[in-house]
Amino acid sequence: MLRFVVRRGISAALLLAGITVLTFFLLNLFSSEVPRRILGEAAGPEQLTLKAQEIGLDRPLVERFIDWAGRAIQGDLGRSWFTGETVVQALGSRLTVTLTLIVCTIVVAGVIAVVLGIASAVRGGWVDKVVQVLGVIGLAVPSFLIALALVTVFAIQLRLLPAIGYVPITTSVTGWMLALLLPVTALAIDIVASIAQQIRGSMVDSLQRDYVRTLRSRGLSNAEIVYKHVLRNAAGPALSVLALKFVGLLSGAVIVEQVFALPGLGQVAVQSTARGDIPLVMGIVIVTAMIVVIVNLVIDIVQVWLNPKVRLS
């Protein structure tokens with residue numbers, strides 16, 4: 001297990017380094033207009049030259065990268081070119097909101113999907129039909145349309161839930177839950193549909209295997225067979241889908257945050273990218289890449305724990 005974790009950790013570090021280098025050089029290919037965006041159209045050539053020197057655009061690209069990487073390793077991601085705020089401060093509170101939204105979505109969707117997937121595979125009937133309908137809705141309807149529909153019905157027409165805004169959990173637990181209920185629901189439908197169908201398909205296949213008949217012949221209860229053996233074998237593919245959905249949430253949450261006016265990474269990502277605020281964009285890319293790498297590493301470790309044969313691959 002230790003060798004497996006070390007090998008995956010090295011691969012993750014190399015991937016993160018590659019993403020960082022590629023992103024930095026790609027962003028700086030289009031940085032020549034940044035001084036004018038900062039100073040405005042009325043700025044003269046001398047002012048533009050001074051601003052370019054101030055933010056380091058007059059230096060060779062490789063030199064700028066080495067300088068930035070050296071400071072980034074020490075935890076200094078620089079300052080925003082437009083606001084002067086440090087990147088760490090700019091991302092701190094916003095990252096908390098985005099991660100809270102994503103983690104709550106994954107937990108809620110995961111629990112519901114497991115329950116529906118097991119019920120669909122074991123009992124069938126109307127539960128199976130519900131899972132199939134959810135699958136169609138999840139694939140056919142984008143999250144932002146579901147978000148708009150939820151706002152229209154529950155916030156505007158029925159006035160049961162807040163339409164916009166975010167309440168920190170330290171301020172009010174109830175307000176925090178109410179503020180997240182609609183965004184989490186909008187993001188969770190697609191995940192519930194995908195994971196439930198994956199679990200259902202894997203469990204239906206596993207229930208027809210010879211080892212299940214052997215376990216039944218030994219007198220094991222149906223519940224013990226389903227939850228202790230079949231579900232464990234079916235969890236691997238579902239975890240892989242869950243990891244992909246988690247990565248997808250990092251982009252899907254951007255739009256949903258805009259719909260519900262949540263102060264997460266989505267708003268700052270859109271603004272900084274449109275303005276060409278390279279230090280801030282780099283900070284977002286690094287944080288997002290680290291989250292993706294860590295989640296995939298955790299999923300790999302869990303899959304090895306569920307199925308030791310994974311180590312061989």
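The values are calculated or read from the model by the stated rules, or taken from the named source; none is laboratory data. The structure displayed is predicted, hence computed values, not measured ones. Heads up, the Cβs are rebuilt from the backbone with ideal geometry, glycines too, and the neighbour counts pull from every protein chain shown.
Regarding residue 281, is this residue in contact (Cβ under 8 Å) with a residue 60 or more places away in the chain, assigned by TED's automatic domain parsing to the domain that holds residue 98 and aliphatic (A, V, I, L, M)? Yes: the conditions hold for residue 281. Residues considered: 313, 272. Of these, the only one that is modelled with pLDDT under 80, on the phi < 0 side of the Ramachandran plot and either of a type in the set (Gly, Ala, Ser) or in contact with a Pro (Cβ under 6 Å, 6 or more places away or on another chain) (or both) is 313. Scanning the stretch 64-94 for residues that are assigned to a loop (DSSP other than H, G, I, E, B) and aliphatic (A, V, I, L, M) turns up just one, 77. Candidates 241, 247, 268: the one that is β-branched (Val, Ile, Thr) and surrounded by 20 or more Cβ atoms within 10 Å (Cβ to Cβ) is 268.
Condition check ((1) under 20 Å from the mean Cα position of the chain (by Cα); (2) free of Cβ contacts under 8 Å to residues at least 24 places away in the same chain) across all residues:
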site: 3; (1), (2): no, yes
site: 33; (1), (2): no, no
site: 38; (1), (2): no, no
site: 54; (1), (2): no, yes
site: 68; (1), (2): no, no
site: 79; (1), (2): no, no
site: 96; (1), (2): yes, yes
site: 104; (1), (2): yes, no
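Is it the case that residue 105 is out of contact with any Ser or Thr (no Cβ under 8 Å at 6 or more places or on another chain) and either at pLDDT 90 or above or part of a loop (DSSP other than H, G, I, E, B) (or both)? Answer is yes for this residue. For the stretch 61-74, the condition of being surrounded by fewer than 16 Cβ atoms within 10 Å (Cβ to Cβ) and at pLDDT below 85 holds for none of the residues.
Can you find a residue in the stretch 168-181 that is modelled with pLDDT of 90 or more and surrounded by 19 or more Cβ atoms within 10 Å (Cβ to Cβ)? Yes, the stretch 168-181 contains at least one residue that is modelled with pLDDT of 90 or more and surrounded by 19 or more Cβ atoms within 10 Å (Cβ to Cβ).
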